[in-house]
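Each remark here refers to the structure printed beneath this line.
The values are calculated or read from the model by the stated rules, or taken from the named source; none is laboratory data. It should be emphasised that the depicted structure is a prediction, and the values quoted were computed from it without experimental measurement. Ideal geometry is used to build each Cβ from the backbone, glycine not excepted, and the neighbour counts take in all protein chains shown.
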Amino acid sequence: MRQDISLINLTVNFDDRFQLNSINWTLSADQHWMITGVNGSGKSALAAVLATAGDIISGEVSGIPERVGVVSFEAQAELIAEELKKDDADILDV
(Lines give C-alpha, C1' and ligand atoms only; values in the text may rest on other atoms or scores of the structure.)
Protein backbone atom coordinates (compact mmCIF):
# COMPACT_ATOMS: atom_id res chain seq x y z
CA MET A 1 0.00 0.00 0.00
CA ARG A 2 1.38 3.37 -1.02
CA GLN A 3 1.47 6.22 1.45
CA ASP A 4 1.67 9.98 1.15
CA ILE A 5 5.09 11.59 0.84
CA SER A 6 5.52 14.64 3.06
CA LEU A 7 8.23 17.27 3.17
CA ILE A 8 7.69 19.37 6.29
CA ASN A 9 9.64 22.61 6.79
CA LEU A 10 12.51 20.85 5.04
CA THR A 11 15.90 22.44 4.42
CA VAL A 12 18.34 20.35 2.38
CA ASN A 13 21.95 21.17 1.55
CA PHE A 14 23.41 19.79 -1.68
CA ASP A 15 26.81 21.46 -1.60
CA ASP A 16 28.31 24.86 -0.90
CA ARG A 17 26.48 26.29 -3.91
CA PHE A 18 22.88 25.18 -3.43
CA GLN A 19 20.34 24.64 -0.69
CA LEU A 20 16.55 24.16 -0.68
CA ASN A 21 15.00 26.08 2.19
CA SER A 22 11.77 25.55 4.15
CA ILE A 23 9.99 23.25 1.69
CA ASN A 24 6.47 22.17 2.66
CA TRP A 25 4.79 19.73 0.27
CA THR A 26 2.62 16.64 0.54
CA LEU A 27 2.23 14.28 -2.39
CA SER A 28 -0.85 12.12 -1.89
CA ALA A 29 -0.56 8.52 -3.04
CA ASP A 30 -3.39 9.04 -5.55
CA GLN A 31 -1.88 12.16 -7.16
CA HIS A 32 0.46 12.71 -10.09
CA TRP A 33 2.63 15.82 -10.26
CA MET A 34 4.70 17.55 -12.91
CA ILE A 35 7.46 19.89 -11.74
CA THR A 36 8.13 22.84 -14.05
CA GLY A 37 10.13 26.04 -13.78
CA VAL A 38 12.91 28.10 -15.25
CA ASN A 39 16.57 27.04 -15.17
CA GLY A 40 17.96 27.16 -11.65
CA SER A 41 14.57 27.20 -9.92
CA GLY A 42 15.20 23.93 -8.02
CA LYS A 43 13.35 21.29 -10.09
CA SER A 44 16.27 18.86 -10.11
CA ALA A 45 17.01 19.56 -6.45
CA LEU A 46 13.43 18.76 -5.50
CA ALA A 47 13.57 15.54 -7.51
CA ALA A 48 16.87 14.72 -5.80
CA VAL A 49 15.22 15.15 -2.39
CA LEU A 50 12.54 12.67 -3.45
CA ALA A 51 15.35 10.28 -4.46
CA THR A 52 16.91 10.73 -0.97
CA ALA A 53 19.90 12.79 -2.13
CA GLY A 54 21.29 15.77 -0.21
CA ASP A 55 21.94 16.41 3.47
CA ILE A 56 18.88 17.26 5.55
CA ILE A 57 19.67 20.29 7.69
CA SER A 58 16.24 20.61 9.32
CA GLY A 59 12.65 19.49 8.93
CA GLU A 60 11.11 16.12 8.20
CA VAL A 61 10.68 13.77 5.27
CA SER A 62 8.22 10.89 5.48
CA GLY A 63 6.74 8.34 3.13
CA ILE A 64 9.70 7.99 0.76
CA PRO A 65 9.71 4.40 -0.55
CA GLU A 66 12.73 2.26 0.34
CA ARG A 67 13.54 1.73 -3.33
CA VAL A 68 13.50 4.77 -5.57
CA GLY A 69 14.33 4.47 -9.26
CA VAL A 70 16.13 7.34 -10.94
CA VAL A 71 16.01 7.67 -14.71
CA SER A 72 18.59 9.82 -16.43
CA PHE A 73 18.35 10.48 -20.15
CA GLU A 74 22.04 11.36 -20.24
CA ALA A 75 23.08 8.16 -18.45
CA GLN A 76 20.87 6.08 -20.73
CA ALA A 77 22.33 7.70 -23.86
CA GLU A 78 25.85 7.07 -22.53
CA LEU A 79 25.11 3.38 -21.91
CA ILE A 80 23.67 2.97 -25.39
CA ALA A 81 26.69 4.69 -26.98
CA GLU A 82 29.09 2.41 -25.07
CA GLU A 83 27.12 -0.66 -26.08
CA LEU A 84 27.15 0.40 -29.73
CA LYS A 85 30.95 0.67 -29.57
CA LYS A 86 31.23 -2.90 -28.22
CA ASP A 87 28.89 -4.79 -30.51
CA ASP A 88 26.33 -3.39 -32.89
CA ALA A 89 24.66 -6.82 -33.30
CA ASP A 90 22.83 -6.75 -29.96
CA ILE A 91 22.34 -3.42 -28.19
CA LEU A 92 20.74 -4.97 -25.11
CA ASP A 93 23.46 -7.43 -24.01
CA VAL A 94 24.85 -5.16 -21.27
Self-check item: Counted residues, the stretch 27-36 - those being of a type in the set (Ser, Thr, Tyr) and either touching a residue at least 12 places away in the same chain (Cβ under 8 Å) or touching a His at 6+ places or on another chain (Cβ under 6 Å) (or both)
Solution: 1
Practice problem: Enumerate the pairs (first residue in the stretch 67-93 and more than 18 Å from Ala53 (Cα to Cα); second residue anywhere and assigned to a helix (DSSP H, G or I) and at pLDDT 80 or above) with beta-carbon separation below 9 Å, excluding pairs fewer than 6 apart on the same chain, so at least 6 apart or on different chains. | Solution: Asp90/Glu83; Ile91/Ile80; Ile91/Glu83; Ile91/Leu84; Leu92/Glu83; Asp93/Glu83
Quiz item: Within the stretch 31-69, which residues are of a type in the set (Lys, Arg) and over 16 Å from Leu10 (Cα atoms)?
Solution: Arg67
Exercise. Please specify each residue of the stretch 14-26 satisfying the condition of being touching a residue at least 24 places away in the same chain (Cβ under 8 Å) and either in contact with a Ser or Thr (Cβ under 8 Å, 6 or more places away or on another chain) or surrounded by 15 or more Cβ atoms within 10 Å (Cβ to Cβ) (or both).
Key: Phe14, Gln19, Leu20, Ser22, Ile23
Practice problem: Could you please find all residues in the stretch 37-66 being at positive phi and free of Cβ contacts under 8 Å to residues at least 40 places away in the same chain? | Solution: Gly37, Gly40, Gly42, Thr52
Exercise. Select from the stretch 20-42 the residues that are among the polar types (S, T, N, Q) and more than 15 Å from the chain's Cα centre (by Cα) and write down the one among them that is nearest to Ser62 (Cα to Cα).
Key: Thr26
